[in-house]
Amino acid sequence: MSLEYSKAKNETPTCKWNNIYLHSSYNPDQEAKRFTETLSPNFIPSNIIIIEPALSYCIPYLREKFPSSKIYAIRLIKDIKNEFKFDGEFLISDIEKIDNLESELFNYFGEIELLNSFFITWPPAHNAFAEEDSRIWLMLKKLLKDCQSILATRQFFAERWIKNQINFLTRIEKTASINKTPLPVLICASGASLNASLSYIKKLQQRFFIISCSSSIKALFSNDIIPDLCISTDGGFWAKKHLNCLTKYQNEIKLAVSSESNIPSDLFSQNNITIVPLAYCDNYDSTIYEQLKIPYEKAKRNGTISGTALELAMNISSGNIYLCGIDLETSNGFVHTQPNELETENSIKDNKIFSKDKRTFIQGRDSKQLSLYRNWFINNSDRFGSRVFRVSCKHSFINKLGQIKDINFDELIKMESDKVKNTSDFFKKTVVLKSDKKTILSLIKNLINDDQWIKNYYPADCLIIDRSQDTDVKAEYKKKLDIKLSKLTEYISRQEKQ
């Protein structure tokens, strides 16, 4: 495999890859201009992403034709000279690891920006990298389909999330925010590896600030492990089930939740539970919280609750962070450490035809979501540096999490031998709120007229309206969106009268 530079007939630089020209041997500039003239997307793209543009002669013509678009390159050749600069580049060093590029693109752009991108291959690069180009396009097809699915899911649950938000803001009574701590943080999820770790966590719990993801709450409490913070971020029906067990405990509990989270209403008035509100960067929570003088913690939206918990831990602690039960892989037995609220619920339906063994086998298989969550940790692992470790009782993981090192509890004890926590230092003074329902509903009703708020909760409709060049299609989807917003306004009006 070799890259050769030479001069074209007009004395401008050109190059070859394995004797295949990546630019014209006569006039590379004119070749790039003619190529750009052939491009005619049926929408105005936010981003243009071009596969291996070689010396990048097309850049000035793309910028002239699409002045509002950012231009990125997917590189197949490392350290190739650039005649012109891109807004960003993504290198595929090994085509067998194309899944890494899929996650990298998703983490960088997000689903909306990817669906608003125009993808092209520099034609000579297809000749030189036919197999790689084909595999990239197959990956992009899958990625964009996943993005459509994510947007559809977000929009499908939008009404539920907004109602959760109204429920949250009108019922919240006691809140607190978190003091920064030098203590190490232990984040517990409910993966199978947590089970063997519980006895160690019980002995060592005074050395860590323990964050329990919602699915692991019941397992920790059942083993006399009291988390310093429980966290729940999912707005769906099943997420609420994991929090039901909190109504049974008398311990002082701090519960970090986003306003979209589905929370049992009884928890708001439970004396031993204090809410730590989370505000996503892409949401309007912080605006509402500030107007209502509700203390909150900044959080980052993530496909998996453990990702949000890790970002939160990075913000509140200067110490090491340990992940336990974050397996993100298949399991031959129970997917979640027991006891688990969903297992209790699902086991009721077990029968001879659809037995427990069959159910756990299906649940234990790898999935698209599991792979996506795993790749988020892998692709962000270099950002976490040397602070983040995955700890287990010598569990044999199928998949590594990139640069996140796997350690056992003996190693952890050596690393954190001198730590002892003082729980009184973790949280700022509890604030008791008197929710003004009328004010809250008025704030949300006003947001319904905000374009950015509408795009946040109805992204699929807004994307079609923004992208479409067909006035009839625009009008059709605008009408559908107006009907949805009208129904939401009517719901809020009914709440105001109650």
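The values are calculated or read from the model by the stated rules, or taken from the named source; none is laboratory data. Predicted model only: the values in this text are computed from it and were never measured. Because the Cβ atoms are built from the backbone with ideal geometry, glycine has one as well, and the counts that use them run over all protein chains shown. Each accessible area value is taken on the protein alone, full model and side chains, heavy atoms only, with ligands, DNA and RNA left out. Shrake-Rupley method; radii C 1.70, N 1.55, O 1.52, S 1.80 Å.
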| note | Sole miss for residue 461 among (1) surrounded by fewer than 18 Cβ atoms within 10 Å (Cβ to Cβ); (2) within 30 Å of residue 41 (Cβ to Cβ); (3) at pLDDT 90 or above is condition (1)
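Considering 447, 443, 401, which residue is within 30 Å of the chain's Cα centre (by Cα) and within 27 Å of residue 203 (Cα to Cα)?
Unique residue meeting the criteria: 401.
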| field | Pairs with Cβ under 6 Å, 6+ apart, first in the range 245-263 and of a type in the set (S, T, N, Q) and open to solvent by 10 Å² or more (accessible area, probe 1.4 Å), second modelled with pLDDT under 90 and outside any strand (DSSP E or B) | value | 247/266; 262/235; 262/239; 262/240
| query | Given (1) buried (at least 17 other Cβ atoms within 10 Å of the Cβ); (2) over 30 Å from residue 21 (Cα atoms), where does residue 222 come up short, assuming only one miss? | reply | (1)
| Of the criteria (1) part of a strand (DSSP E or B); (2) open to solvent by 10 Å² or more (accessible area, probe 1.4 Å), which one residue 241 fails | (1)
| field | Single match in 217, 166, 231 (criterion: within 19 Å of residue 280 (Cβ to Cβ), part of a helix (DSSP H, G or I) and not charged (D, E, K, R)) | value | 166
| Any pair with Cβ under 7 angstrom, 6 or more apart, that starts in the range 157-168 at a residue that is within 15 Å of residue 461 (Cβ to Cβ) and ends at one that is assigned to a helix (DSSP H, G or I) and not charged (D, E, K, R) | 158/457; 159/488; 162/457; 162/488
| query | Here are some conditions: (1) over 27 Å from the mean Cα position of the chain (by Cα); (2) closer than 30 Å to residue 118 by Cβ. Residue 481 meets all but one. Which one does it not meet? | reply | (1)
| message | I'd like to check something: does the range 312-328 contain any residue that is open to solvent by 50 Å² or more (accessible area, probe 1.4 Å), over 18 Å from residue 191 (Cα atoms), touching a strand residue (DSSP E or B) at 6+ places or on another chain (Cβ under 8 Å) and part of a helix (DSSP H, G or I)? | response | yes
| field | Answer residue from the range 44-60, given it is open to solvent by 10 Å² or more (accessible area, probe 1.4 Å) and in contact with an Asp or Glu (Cβ under 8 Å, 6 or more places away or on another chain) and is nearest to residue 128 (Cα to Cα) among those | value | 57
| remark: Out of (1) buried (at least 17 other Cβ atoms within 10 Å of the Cβ); (2) β-branched (Val, Ile, Thr); (3) assigned to a helix (DSSP H, G or I), the one residue 120 does not meet is (3)
| Filtering the range 144-156 down to residues that are surrounded by fewer than 18 Cβ atoms within 10 Å (Cβ to Cβ) and either at pLDDT 95 or above or hydrophobic (A, V, I, L, M, F, W, C) (or both), which residue is farthest from the chain's Cα centre (by Cα)? | 156
